[in-house]
Amino acid sequence: MSASRTRKAIEAIVDERLAALGLLGSFPATVKAQSSTDGTVDVKPDASSVPGAKGVPLRPGIPGVTIRVPAGARVSLSYEGGDERKPVATHWESAEAGTKPTEITIEGTTSITVKGAGQEAAEHLLTLEQLVIILVALLDPTLGVTAAMSTPITWKSVPAPYPDPTAPIVTELIRFFTLGLPVVAPLPATLAAAIQTAIAAQPSKPHETPGLGQLVPGFACKGVKSG
Amino acid sequence: MATIGGFAILDGTLQMPAFGAWSAQVRLDSSSELPTTVRAVSVDLDGQTLVGTVERQGVYAGVLEARVVGGAGGIVPAGALARTVTAKAYRKVPVRIVVGDMLSSAGEVLSAATASSFLSGQLAAWHRHAGTAGAAWRRLMLALGTAWKVQPDGSIWFGSATWPSATATEELLRDGGHGVVTYSPDAALLPGTTVNGVRVGAVVYTFTDASVRAEAWAA
């Protein structure tokens, strides 16, 4: 056997034994479609040596995050533990125009904190009812809050005079937190802007409500902070 | 008398591992090559027939020299018959589908002796990367946790090793230090069996014009 054939034979044996190492890498791929039911993606890798696949689960890297992407989004195909039975899509590339996520959902059982430099954290409340109580008070200072902050109240139990629940600002604020209720007007750009809009519509005197703290511009309110 | 393709083996060796493909490097009593249209040949080993394929052959000084591998040679790591496979992904399929595609691409045939319990198992996903059929086959066997070998009929078996009992007669030499027992077999001695309480990991046949010897290497 010539030296080259010997070398080829040894290389083939080594390649066969070490094939698993190649599966520890990540393979750039393009999303072809995403399932509307389980969020898995169909991908086409750039390399022809890697098979295109359907139904690949996502690994967004942060628990509680779900992502919906359009066709054309770029992702890495990997194999957990270097196991061909466990393909996953992870490590999204920076989105170009037309490939940005259509939806990103972050869920936490207690709270979700988003913080920017120089700002206090904007903290979502545990219950929608608690925030609605505050916002209703902002919209109508004549309304007192008779229920304790920790006691949820239903929308229907709020007495008249009561802001029209179909009014744009109220409806949009509800939609912002429940994501599913009917929309009757465009959503304000940010929650802070919506709150400031509500504040600006109220009388200029400060309003203090037991348990809610003092209303000030750029207000701080028990359970709610706004940067 | 041992023969290959109907021609007597003048001399050479037949190496048979317990798992994987056997191979033979022999000189045959023929002055012409085996027809290239007929690559599959039978090795007659004292009544035991082994089906393989001629990988290389050539006539030198009027004697045919040949290398024969078990089965079709498609999943041997390196060799003239080694095949390549393309990338292919599977999802929620029985093992038999992935195995069938794999062996078909390699030009091999699945053994009917393969347990149905292995074939009916489900794979949530399986990604076969392009490359040599041997590498892809080995990856599949590792994932399934099974052994494989070329059956005497040339088909590919995979599953759990059972090491069935077998007998071997006319022991000639016992090398305890290397775990090798040499026989002058009156019947084919196959690896993957248990002989005299010892698991036989490999058998190496040595052919000369005067004798046939079989070395049984302990697993």
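Structural remarks
- Net charge of Cβ neighbours under 9 Å - reference B:Gly74; Lys, Arg +1; Asp, Glu -1: 0
- With each label modelled as a point 7 angstrom along the Cα→C-beta vector, the B:Ser120-B:Ala8 pair spans 5.1 nm.
- Semi-axis lengths (Å, descending) of the ellipsoid that matches the C-alpha gyration tensor of region A:1-66: 38, 13, 8
- Inter-label distance for A:Leu21 and A:Glu103, nm, one decimal - labels placed 7 Å from Cα along Cα-to-Cβ: 4.4 nm
- Considered as an equivalent ellipsoid built on the Cα gyration tensor, region B:12-128 has semi-axes of 34, 16, 10 Å, the largest given first.
- Area accessible to solvent at B:Thr114, 1.4 Å probe radius, in Å²: 10 Å²
- The heavy atoms of A:Lys100 offer some 130 square angstrom of accessible surface to a 1.4 angstrom probe.
- Formal net charge of residues neighbouring B:Ser111 (Cβ-Cβ distance under 10 Å; K, R +1; D, E -1): -1
- Euclidean distance of C-alpha centroids, region A:34-66 and region B:41-88, integer Å: 42 Å
- The C-alpha atoms of chain B define a longest principal axis, and helix B:133-144 lies at about 70 degrees to it.
- One decimal place: the segment A:Thr66-A:Ser36 gains 9.6 nm when fully extended, by the rule 0.36 nm per residue minus the C-alpha distance.
- Note on B:Thr169 and A:Ala47: their simple-model spin labels are 5.6 nm apart, each label 7 Å out from Cα toward Cβ.
- Residues whose amide H comes within less than 5 Å of that of A:Ala73, counting only those at least five positions distant or on another chain, are A:Val31 (H built at 1.01 Å from N in the peptide plane).
- Degrees between helix B:95-105 axis and first principal axis of chain B (Cα, 0 to 90, nearest 10): 60 degrees
- When chains B and A come together, the accessible area they lose, probed at 1.4 Å and totalled over both chains, is close to 1900 Å².
- Considering only B:Ile75, B:Ile156, B:Ile97, the mean-square fluctuation computed in a Gaussian network model of chain B, springs between alpha carbons under 10 angstrom, is largest for B:Ile97.
- With contacts taken as Cα pairs under 8 Å and at least 6 residues apart, chain B reaches a relative contact order of 21 percent.
- Judged by the ratio a/c of the largest to the smallest principal axis of the C-alpha gyration tensor, region A:48-90 counts as oblate, that ratio being 1.5 or greater while a/b is no larger than b/c.
- P(r) tail fraction, region B:85-219 - alpha-carbon pairs more than 20 Å apart, %: 55 percent
- Remark: region B:63-74, residue by residue, has Karplus-estimated 3J(HN,Hα) of 10, 7, 10, 8, 10, 10, 10, x, x, 9, x, x Hz, where x stands for each Gly or Pro and the curve is 6.51 cos²θ - 1.76 cosθ + 1.60 at θ = phi - 60°.
- Radius 10 Å from Cβ of A:Thr40, net charge of other residues (Lys, Arg +1; Asp, Glu -1): 0
The values are calculated or read from the model by the stated rules, or taken from the named source; none is laboratory data. Given the structure is predicted, the values throughout are model-derived calculations rather than measurements. Here the Cβ is made from the backbone with ideal geometry for all residues, glycine too, and neighbour counts use every protein chain on show. Only protein heavy atoms, including side chains, enter the accessible area calculation; ligands, DNA and RNA are left aside. Shrake-Rupley method; radii C 1.70, N 1.55, O 1.52, S 1.80 Å.
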